[in-house]
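The values are calculated or read from the model by the stated rules, or taken from the named source; none is laboratory data. Everything numeric in this text was worked out from a predicted model, so none of it was measured. For neighbour counting, all protein chains shown are included, and Cβ atoms are generated from backbone atoms with ideal geometry for every residue, glycine included. Surface accessibility is based on the protein's heavy atoms, side chains included, excluding ligands, DNA and RNA. Shrake-Rupley method; radii C 1.70, N 1.55, O 1.52, S 1.80 Å.
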Amino acid sequence: ADARGTPMEALRVDFPRLAGPAVRTLPLLAIVAHTLLCPHTKVEESFNLQAVHDLLYKRSELATYDHLEFPGVVPRTFLSPLALAFVAGPAAIVGGALGLSRKAWVQLAVRLVLGGASALGLGGVGRGVDAKFGKAAGGLFAIVSACQFHLPFYASRTLPNTFALLFANASVLWLAPLGFLLLCQQKVKFSRVLLKGVILGLLCLTVTVPLDSIFWGRWLWPEGEVLIFNTLQNQSSKWGTSPLHWYFTSALPRALGGALPLSLVGALLEQRARAPVGLTIASVALYSLLPHKELRFILYAVPALNVAAAVGAAHLLLLSRSGTNSTSKGGSSSLVHWTARLTLAALAVGTCALTLVSTAASRHNYPGAEALLALHRLAPPTGKYGCCRVHVDAAAAMSGVSLFLQDDAHFNYSKAEYSEFKAVPFKMRDAEFTHLVTARARVPGFRLIYAAEGFERLQLWPPALRLAPRIHVLERERI
């Protein structure tokens, strides 16, 4: 379908800035802002981020790669880290050439590269909205996407879900409803889809199996093991379960904000917007069958529903435009005009307020990173203890500590879990280190030199973010 000549395309006359290039940069600006405000990462992002670090700095020394010491629950593919390291590689090369010792800025560069790729993907969706619903609707899609919290926030994070979102939403649970719809509409033939699917699958396996087998040191298909782990074995439920309705009653309302009612308006008033909404609902319903649920698992749903939301917003703008141009005195036309405008304003303000609060809270979700950076600032001059030996416990490692931050030449870092010390008493374990970055507030023989606070809860009145000490930096009292 073509948008030319439609009423929504006429919005370009009354709202020309919606079709302008400045509006299209808003998703990129939002992604960059979230990356700069929350530059650290958490445990869910660790494999891809650590793999990029090792590819950039350890290169051919595969035996020293982090994933061999800390493999995680299931293996992951190296295809995504390789692509990201290839593009972000110049940042590490420039840093080395300039003699920069800190690698934290390279981590930031890696995330900005991924965020830029995500912004390009959203731009492609926006151009599709331009073609089908008009450039004003495409501009509204950019505005809706930029105002939300979760989509720009996750867009630069090295999660498997972010890479999957980039690579054509490559998920069986996501593509199955789309394929079923196309088959029902007789737009594709089952035999051709099956043939192309088999060929594409074999090509992907030809690439990923040998490549990942080299990095993991054994023959494997990582994503196949993930699929079996999460579905057939249902092992992911050990990390918590949620009710069947959780995605619809909790995750999507938080992820979409004001776009949720707008997407329903779009599907109600525009027949062509019903397919994205219907396919998204079907896909999320399939994901809901898995007991373990996280919002990032259905991140794919947000851009699709934002398309319908943009269409809904365009229809409300049309109503406000018709109310403005109407020659009738008072009456229902004026009421419709003001109702449409006030609805759009309320949804926009509400979504932006939710985003601001969520961003402020998220800035305090990385106490491990804050504690390690504080240690680098507060540690004694080199020579007091000789070479400083630091132990980073699991809580700190899961809340922001990455290989990119372990970049001070005065320190030797250890993330060995206490289970690896077996029967060695606590005092003897801690005696091996000059500093501890730990969730424990007190350890015999050590003194507290810093406590990194983390988000605890939102206080409604008076409005405030309540913080609490999460990760502590302890220094040995004497040798």
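General observations
- Residue within the range 93-105 that is under 21 Å from residue 160 (Cβ atoms), in a helix (DSSP H, G or I) and open to solvent by less than 30 Å² (accessible area, probe 1.4 Å) present: no
- Screening the candidates 282, 255, 251 for the property of being buried (at least 16 other Cβ atoms within 10 Å of the Cβ) and farther than 21 Å from residue 149 by Cβ yields one hit, 282.
- Within the range 207-227, if we keep just the residues that are of a type in the set (Val, Ile, Thr) and loosely packed, with under 14 Cβ neighbours inside 10 Å, the residue that is farthest from residue 54 (Cα to Cα) turns out to be 207.
- Residues of the range 286-304 classified as free of Cβ contacts under 8 Å to residues at least 60 places away in the same chain, open to solvent by 10 Å² or more (accessible area, probe 1.4 Å) and assigned to a helix (DSSP H, G or I), total: 1
- Filter result for residue 268 (part of a helix (DSSP H, G or I), open to solvent by 30 Å² or more (accessible area, probe 1.4 Å) and without any contact (Cβ under 8 Å) to a residue 60 or more places away in the chain): yes
Quick grid of which residues meet (1) open to solvent by less than 30 Å² (accessible area, probe 1.4 Å); (2) in contact with a Leu (Cβ under 9 Å, 6 or more places away or on another chain):
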| residue | (1), (2) |
| --- | --- |
| 70 | no, no |
| 77 | yes, yes |
| 82 | no, yes |
| 88 | yes, yes |
| 131 | no, no |
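- Among (1) modelled with pLDDT under 90; (2) within 15 Å of residue 478 (Cβ to Cβ); (3) in a loop (DSSP other than H, G, I, E, B), the one test that residue 443 misses: (1)
- Selection from the range 196-234 of residues that are without any contact (Cβ under 8 Å) to a residue 24 or more places away in the chain, among the β-branched types (Val, Ile, Thr) and closer than 23 Å to residue 67 by Cα: 206, 209, 228
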